[in-house]
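K.L.:
What follows is a structure written as structure tokens; I'll ask about it next.
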Amino acid sequence: MTELAGLPALPPLLLRGALLSPFKRPRPDADHPRDRLVVPGLRVDLGRLAAYERVCGFPTGEDALPVTYPHVLGFPLAMRLMSGRAFPLPLLGLVHTSIEMTRRGPLAAGGTYELGVHVDGLAPHRRGTEAVVVTELRADGEVVWESRSTYLARHRTRTAPAAAAPVREERDLLPAVEEWQLADDVGRRYGAVSGDRNPIHLSPLTARLFGFPRAIAHGMWTVARCLAAHGTPDAVLVRAGFRAPVLLPGAVTYAAQGGRFELRGGEKTHVTGDVYALVP
């Protein structure tokens, strides 16, 4: 375990990750960082939290963290691990494919927390290699929020189809609830409040360098926006999968029924998710 005095600055980490990316040779049996990065005594910047809530559609001024916000807090620690030499997957082109978040009760915005992040392992995927990154938020020594995110590095693989990760199951379309018109600055606005200024989200010019016709929305913004509309109980498990990028500007349909939600655009389904109430 490595204890840090505070959250690291993101720009140097993103630059380091970009510079090292061409030298990475991803494979599922590669070694990965074993260290757990920890920031004790963490307090939330309430101004930044309010800006995040506005961008994502959550109500502001409440003494509670949105279920997605601890991911934003942990992002600099995740980037410190994934931008280092010991992490075998290239940061450039890494795709966030899914997230599972568990909140065991309401999280006070004014609380003091211990934040920890570690890489849980690598696994073969039918399109390359996937890494699992775990983020935990603790209060008084107890885990009050945790997540498991999967990140995919695409590359040629010799893995037999039967051993590769299974294709995601198809789900029946949910009834439409709202239509959202997304402006071309959504990526820049979310990047400003989250710190994730990946060039694929910022402008058509920088997105084209990575093969996208226009800038794309952050996956975590799409999930946060859906959960802001859907609502979540205090104790909750959320599972979400990112299936196709959301081009900006663009029109999308938020659909939901019971504990399920999804975001669609035309014939594409961009995000699917499930919300489960937990017994505190």
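K.L.:
Can you tell me which of (1) surrounded by fewer than 17 Cβ atoms within 10 Å (Cβ to Cβ); (2) more than 19 Å from Glu53 (Cα to Cα); (3) of a type outside the set (A, V, I, L, M) is the one Gly250 doesn't meet?
P.N.:
With (1) surrounded by fewer than 17 Cβ atoms within 10 Å (Cβ to Cβ); (2) more than 19 Å from Glu53 (Cα to Cα); (3) of a type outside the set (A, V, I, L, M) applied to Gly250, the lone miss is (1).
K.L.:
Filter the range 195-210 for residues that are buried (at least 20 other Cβ atoms within 10 Å of the Cβ) and either of a type in the set (Gly, Ala, Ser) or not in a loop (DSSP other than H, G, I, E, B) (or both) and give the result.
P.N.:
Ile200, His201, Ala207 - these are the residues of the range 195-210 that are buried (at least 20 other Cβ atoms within 10 Å of the Cβ) and either of a type in the set (Gly, Ala, Ser) or not in a loop (DSSP other than H, G, I, E, B) (or both).
K.L.:
Hey, among the residues in the range 220-264 that are out of contact with any Cys (no Cβ under 7 Å at 6 or more places or on another chain) and among the hydroxyl-bearing types (Ser, Thr, Tyr), which one's farthest from Arg208 (Cα to Cα)?
P.N.:
Looking only at the range 220-264, we keep the residues that are out of contact with any Cys (no Cβ under 7 Å at 6 or more places or on another chain), and these are 220, 222-223, 226-227, 229-253, 255-260, 262, 264.
Of the ones still in play, those that are also among the hydroxyl-bearing types (Ser, Thr, Tyr) are 222, 232, 253.
Working: Thr222: 21, Thr232: 36, Thr253: 25 Å.
By that ranking, first place goes to Thr232.
K.L.:
Among the residues in the range 249-259, are any under 24 Å from Leu152 (Cα atoms) and of a type outside the set (D, E, K, R)?
P.N.:
Of the residues in the range 249-259, the ones under 24 Å from Leu152 (Cα atoms) are none.
Taking every residue of the range 249-259 in turn, none turns out to be under 24 Å from Leu152 (Cα atoms) and of a type outside the set (D, E, K, R).
K.L.:
Answer yes or no: is there a residue in the range 211-229 that is under 24 Å from Val144 (Cα atoms), of a type outside the set (A, V, I, L, M) and either without any contact (Cβ under 8 Å) to a residue 12 or more places away in the chain or out of contact with any strand residue (DSSP E or B) (no Cβ under 6 Å at 6 or more places or on another chain) (or both).
P.N.:
Quick first cut of the range 211-229, residues under 24 Å from Val144 (Cα atoms) only: 219-229.
Still in the running and of a type outside the set (A, V, I, L, M): 219, 221-222, 225-226.
Narrowing further to those that are either without any contact (Cβ under 8 Å) to a residue 12 or more places away in the chain or out of contact with any strand residue (DSSP E or B) (no Cβ under 6 Å at 6 or more places or on another chain) (or both): 221, 225.
Checked the range 211-229: at least one residue is under 24 Å from Val144 (Cα atoms), of a type outside the set (A, V, I, L, M) and either without any contact (Cβ under 8 Å) to a residue 12 or more places away in the chain or out of contact with any strand residue (DSSP E or B) (no Cβ under 6 Å at 6 or more places or on another chain) (or both).
K.L.:
Shifting gears a bit: Just to be sure before I move on: is Asp172 surrounded by fewer than 16 Cβ atoms within 10 Å (Cβ to Cβ) and either modelled with pLDDT of 95 or more or not hydroxyl-bearing (Ser, Thr, Tyr) (or both) in the structure I sent? Quick ask: steps written out before the conclusion?
P.N.:
Working: surrounded by fewer than 16 Cβ atoms within 10 Å (Cβ to Cβ): yes; either modelled with pLDDT of 95 or more or not hydroxyl-bearing (Ser, Thr, Tyr) (or both): yes.
Yes, satisfied.
K.L.:
Quick one: would you say Ala30 is within 26 Å of Gly241 (Cβ to Cβ) and either touching a Cys at 6+ places or on another chain (Cβ under 7 Å) or surrounded by fewer than 18 Cβ atoms within 10 Å (Cβ to Cβ) (or both)? I'd like the intermediate steps shown before the answer.
P.N.:
Values: within 26 Å of Gly241 (Cβ to Cβ): yes; either touching a Cys at 6+ places or on another chain (Cβ under 7 Å) or surrounded by fewer than 18 Cβ atoms within 10 Å (Cβ to Cβ) (or both): yes.
Spelling it out, Ala30 is indeed within 26 Å of Gly241 (Cβ to Cβ) and either touching a Cys at 6+ places or on another chain (Cβ under 7 Å) or surrounded by fewer than 18 Cβ atoms within 10 Å (Cβ to Cβ) (or both).
K.L.:
Can we say Pro161 is at pLDDT below 95, surrounded by fewer than 16 Cβ atoms within 10 Å (Cβ to Cβ), more than 21 Å from His201 (Cβ to Cβ) and not basic (Lys, Arg)?
P.N.:
Details: at pLDDT below 95: yes; surrounded by fewer than 16 Cβ atoms within 10 Å (Cβ to Cβ): yes; more than 21 Å from His201 (Cβ to Cβ): yes; not basic (Lys, Arg): yes.
Against the criterion (at pLDDT below 95, surrounded by fewer than 16 Cβ atoms within 10 Å (Cβ to Cβ), more than 21 Å from His201 (Cβ to Cβ) and not basic (Lys, Arg)), Pro161 qualifies.
K.L.:
Among the candidates Leu20, Leu7, Leu49, Leu14, single out the residue that is in contact with a Phe, Trp or Tyr (Cβ under 8 Å, 6 or more places away or on another chain), crowded, with 16+ Cβ neighbours inside 10 Å, in contact (Cβ under 8 Å) with a residue 24 or more places away in the chain and among the hydrophobic types (A, V, I, L, M, F, W, C). Before you say what the answer is, go through the steps one by one.
P.N.:
Numbers: Leu20 fails: in contact with a Phe, Trp or Tyr (Cβ under 8 Å, 6 or more places away or on another chain); Leu7 fails: in contact with a Phe, Trp or Tyr (Cβ under 8 Å, 6 or more places away or on another chain); Leu14 fails: in contact with a Phe, Trp or Tyr (Cβ under 8 Å, 6 or more places away or on another chain).
Only one candidate qualifies: Leu49.
K.L.:
Take the conditions on the phi > 0 side of the Ramachandran plot, part of a loop (DSSP other than H, G, I, E, B) and free of Cβ contacts under 8 Å to residues at least 24 places away in the same chain and apply them to Gly61. Does it pass?
P.N.:
yes
K.L.:
Let me confirm something: among Leu91, Leu115, Leu137, which residue is buried (at least 20 other Cβ atoms within 10 Å of the Cβ) and under 27 Å from Thr269 (Cα atoms)? Let's see the steps before the verdict.
P.N.:
On the way: Leu115 fails: under 27 Å from Thr269 (Cα atoms); Leu137 fails: under 27 Å from Thr269 (Cα atoms).
From the options Leu91, Leu115, Leu137, the qualifying one is Leu91.
K.L.:
Here's another thing I want to ask about it. Count, please, the residues in the range 211-261 that happen to be assigned to a strand (DSSP E or B) and out of contact with any His (no Cβ under 8 Å at 6 or more places or on another chain).
P.N.:
15
The values are calculated or read from the model by the stated rules, or taken from the named source; none is laboratory data. The structure presented is a predicted model; accordingly, all values stated were derived computationally and were not measured. In this analysis, Cβ positions are derived from the backbone assuming ideal geometry, glycine residues included, and neighbour counts consider all displayed protein chains.
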